Structures are given as C-alpha cells and as structure tokens.
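The values are calculated or read from the model by the stated rules, or taken from the named source; none is laboratory data. Since we're looking at a predicted model, the values are computed, not measured. When we count neighbours, we look across all protein chains shown, and the Cβ atoms used for this are built from the backbone with ideal geometry, even at glycine. Surface accessibility is based on the protein's heavy atoms, side chains included, excluding ligands, DNA and RNA. Shrake-Rupley method; radii C 1.70, N 1.55, O 1.52, S 1.80 Å.
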Amino acid sequence: MTVSFFISHITPLTFFCFLLLSSSAAADLNITSILSSFQNLTSFSSLLTSSSVASDLTRRQDPITVLAVPNSYLSIPPASDLTRRLPPSSLGDILRYHVLLHYFSWTDLLQIPPSGVLVTTLLQTTSRAPANFGAVNITRNPLTNSITIQSPVTFSPSNATVLSVIKTLPYNITILAVDSLLVPYDFNLMTSETRPPLGLNITKALIDGHNFNVAAAMLSASGVVDEFEADEGGAGITLFVPTDGAFGDLPGNVRLKSLPADKKSVVLKFHVLHSYYPLGSLESIVNPVQPTLATEDNGAGSFTLNISGVNGSVAIDTGIVQASVTQTVFDQNPVAIFGVSKVLLPREVFGKDSAGAMAKPGNPVVGTNVQPPETSPSPENSPWLSGPASSPFGFHEDMKSNGERFRLQSCIVALCCIGLYLLV
C-alpha cells in the first residue's frame, strides 16, 4: 500500500513538472514572438508576419538561422525603398533569403574559415533563384572575427555584417542581427513568385526510370505519394528512392510488406526531405542531420537522416543502414529524386530498441539517441556586445533582461517541483 500511494502521487507530480518546463521551451520556438519582444526588431517581425514567410517557418522542423534587420537599418535606403515599393511576393522572397537552412551557434560562427562557407537559404528551395543565387556565402575576418554575409557571386553589391547574436535555442533556431537587407544577385524583384508549381507525377517518373518499379508500387498502394506531390510547392521535396535491387537485398527478417499500414507509411516518408536539394547541395551539405517527412509526424529529433559528401558521392546513414546515392532520377526545382543503393530503414522501427518507438507527434521517441543540446554562448560575451558600437541601442539590455527572465522562470519552476516533491 505504501508503494502504491507513493507512485500515485509522484507520477502526476512528475507529469506536471514536465508540462511546466516543456511549455516554457515551446513558447520560445515561435520566431515572430521572439522577434517582437525586441523593440529594435519589430519592423522585421511585422514583415515576416504580413508575408507568408512566418507561416513557412512554423511548418519547418529543421534547424534554421534567421538574419534579422533592426528598425534603424530598415528605415534608411535602400532597405526603406524596397520594403515600401516591392509587391508582397517579391518582398517575401527577399525575406526567405534571410532564413539560412542551418543552425549556427556563436561557436560555429567563430569556426568559419576565412575563405567562407556556402549556405542554402529558404529562397533556394523555391523555383525562383537561378543557379546558386539563393545561397549566401558567410566569411569571417580572422583578425577581427567579424562575420560578413553576401551572395556567392564575386563583388556582389549586396552584403551584410553580423551585429550580434539575438537569441540561440540550441540545435533549433539562432537569430542574428545584421546591418543590411540582403538582395539576391540577379534577382528579378518584380516577377518573383509568378512561376507556376511543377506538378510532377512522382510515380510516373519512377516507372520511367526503369529501375524503381517496387518503390513506385509501394508508393501508389500506400497513398503517401499524393502527400508527396502536394508538398512540391513551397520549399519543395527531395526523395531517396531504393532501386529494385535494393529491395531484393533486404535481410530475411525485414518484411516491409507485412508492416502495418501506419508503419509502412512512416518508412516511406523516411525517404523524403521536406526541401529541394539538388545533387550539388547534397554533396556540400552543411548540416548533415536532416529531418524527414516522418520527423514531422513523430516529433523533432526522430526519424532523421545523416547525409554527407564523401569523395564526390553522397552517403546516407540511418543509424542501422549506410547507403549511397547511385543516380539522379529527376532534378528540376522544386523536386529532386535520387536512386539509392539500399532501403533506408529507420532505427525507430527496425533497431534493437524499436519496440514502442513510434510516438505521437510532440512526444519523445523511444530508442532514439538524441544528443544533449550544446551550451549556447552567452550573448553578453559576444564581441559585438562588449564594445561601445557593438550593436544598435537597446539590444544588449533587451537580450540580457530576456535571458535573466527565462533563467528566473526556470528556477521558479524547478523550486516549485522540488517543494511539491518534498511535501509528498
């Protein structure tokens, strides 16, 4: 009786504490809410909200870095002219150019080589940026550690310098303040977003590839292909499709056809990234851990692929299977389809700890080794915040008060939980 009484009190208490802590973290993931709490970023926040970019960001689960332009820089030419005269579609694409599809902590920025790194932006995943003009080149001055962001085109007239780190949520979102509104090179400001979506028939493309009949049949039977084709708009999609030979090489204890419909659907979604990546981008990918469509159904950190470029080829690691890209089946923005040498088996379904691994959205996934978040650098210690001209007026105070408020809130919640535990 004593043990039963103890557990009946501890279980709801633990659950209550978990809800308090998780609700605090979840509130920080709303990027427009974070921006609006800084007085010098209200204009940029309003631009995100008034365009479709804010809704695009809420649907994305992969890590991002946002380049936010303070009010004082948006209010002067040429930024003020662009925000006043551009149609919403063109302005939306300029804002997408300020969303990097990679998480950069302060430590990551300081490790950028002087030669720079090429980073894909949200604009590159649409069909409206020619070549790699939707990417940015980030360079670091080794003498001053100043970070410059500009088009990969040499002598591009549009560039910006990082002023400060506004907010860092490890492995999820970083918000940087920059001193200029970036415009992609050779970007047609007046015709943005006028190109119609591709509308590719994925099953037909696979059948035409002559080596993907098994995958085409499974996609059609499961019905998930309709969802894939619906995702061709916006950021686009990238599919890794096993060849017929890859299905024939499956171990005898792996029976895909005998899986329940929901698990079979998850395995198929595990082969799809919710962004368009041409082969060149995969070969030089900056962030190797990529969420899949299955991640969106089962929670952040689950059903991810580790993608890396190795000796001119693309390697894909699921945690229990290592595959490689063998051919390009189709590649036209916003859809890329690549043949892969093996069926990508998620460890959450086929790993040793796969029992109960399928979780509802938002819940942790059993059997997934999630890395602990890195200790994010204190914004107060940023070089740009320590000097007299480090950032626009009010940034340091806002950032400090915001961080202290979050730490105080966390301490109060922790103390409440400890007090309730002792009372029990």
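Would you pick out the residues in the range 311-337 that are without any contact (Cβ under 8 Å) to a residue 12 or more places away in the chain and open to solvent by 40 Å² or more (accessible area, probe 1.4 Å)?
Within the range 311-337, the subset without any contact (Cβ under 8 Å) to a residue 12 or more places away in the chain is 311, 315.
The one that is without any contact (Cβ under 8 Å) to a residue 12 or more places away in the chain and open to solvent by 40 Å² or more (accessible area, probe 1.4 Å): Asn311.
So in the range 135-152, with the set limited to residues that are closer than 20 Å to Pro78 by Cα and not polar (S, T, N, Q), which one is farthest from the chain's Cα centre (by Cα)?
Initially, the range 135-152 is screened for residues closer than 20 Å to Pro78 by Cα, giving 136, 148-151.
Add one more test, that the residue is not polar (S, T, N, Q), and what stays is 136, 149.
Values: Val136: 16, Ile149: 19 Å.
Only one residue tops the list, namely Ile149.
Tell me, please, whether a residue that is open to solvent by less than 70 Å² (accessible area, probe 1.4 Å) and at pLDDT 90 or above can be found in the range 182-190.
Taking every residue of the range 182-190 in turn, at least one turns out to be open to solvent by less than 70 Å² (accessible area, probe 1.4 Å) and at pLDDT 90 or above.
Please give the number of the condition Ser302 fails out of (1) surrounded by 21 or more Cβ atoms within 10 Å (Cβ to Cβ); (2) modelled with pLDDT under 85.
Unmet condition: (2).
Do we have Asp262 as farther than 30 Å from Ala54 by Cβ, of a type in the set (Asp, Glu) and not in a strand (DSSP E or B) here?
Answer is yes for this residue.
Residues that are farther than 27 Å from Gly301 by Cβ: which strands (runs of 3 or more DSSP E) entirely in the range 44-159 hold 3 or more of them? Walk me through how you get there before you give the answer.
Details: elements: 64-68, 117-120, 135-140, 147-150.
Correct list: 135-140, 147-150.
Of Pro114, Pro63, which residue is open to solvent by 20 Å² or more (accessible area, probe 1.4 Å), of a type outside the set (A, V, I, L, M) and over 20 Å from Ser281 (Cα atoms)?
Pro114
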